[in-house]
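*Asks:* The structure is given below, and queries will be raised subsequently.
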Amino acid sequence: QVQLVESGGGLVQPGGSLRLSCAASGSIFTFNAMGWYRQAPGKQRELVASITSGGTTTYVDSVKGRFTISRDNAKNTAYLQMNSLKPEDTAVYYCNYPFRPAVWGQGTQVTVSS
């Protein structure tokens, strides 16, 4: 069974940085696109960044130039480097496969506040 475990969240001041990690079990990681999603209180979950198996990346406009998604297929791990964080980035962040979703993990809380 595919499992996804997110980590690396925390409390950071505006303008700060965090690096999130997503550890994926199973054998499908290498051959599938991976995405980072976030869900803020009272809002729907949104896809903020994705990376194909070949390394092509896409971002939602609100994070372009600030977030970078990457993957290490040897480690079955995806990353989200978040720089210049803003209060509106506050949310629970999740990873999942955009085209063949697995059971959602618990996510990791990111809070941007002074």
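*Asks:* Counting only residues that are closer than 14 Å to Tyr97 by Cα and among the hydrophobic types (A, V, I, L, M, F, W, C), which one in segment 1-20 is most open to solvent (accessible area, probe 1.4 Å)?
*Replies:* The extreme case among them is Val5.
*Asks:* Still on this structure, I have one more. Please work out which residue is nearest to the chain's Cα centre (by Cα), limiting yourself to segment 74-105 and to residues that are among the polar types (S, T, N, Q) and farther than 18 Å from Asp61 by Cα.
*Replies:* Asn96
*Asks:* Of all the residues that make up segment 26-64, how many are over 12 Å from the mean Cα position of the chain (by Cα) and aromatic (Phe, Trp, Tyr)?
*Replies:* 2
The values are calculated or read from the model by the stated rules, or taken from the named source; none is laboratory data. Predicted, not measured: the structure shown is a model, and the values here were computed from it. Please note that ligands, DNA and RNA were not included when accessible areas were found on the heavy atoms of the full protein model with its side chains. Shrake-Rupley method; radii C 1.70, N 1.55, O 1.52, S 1.80 Å.
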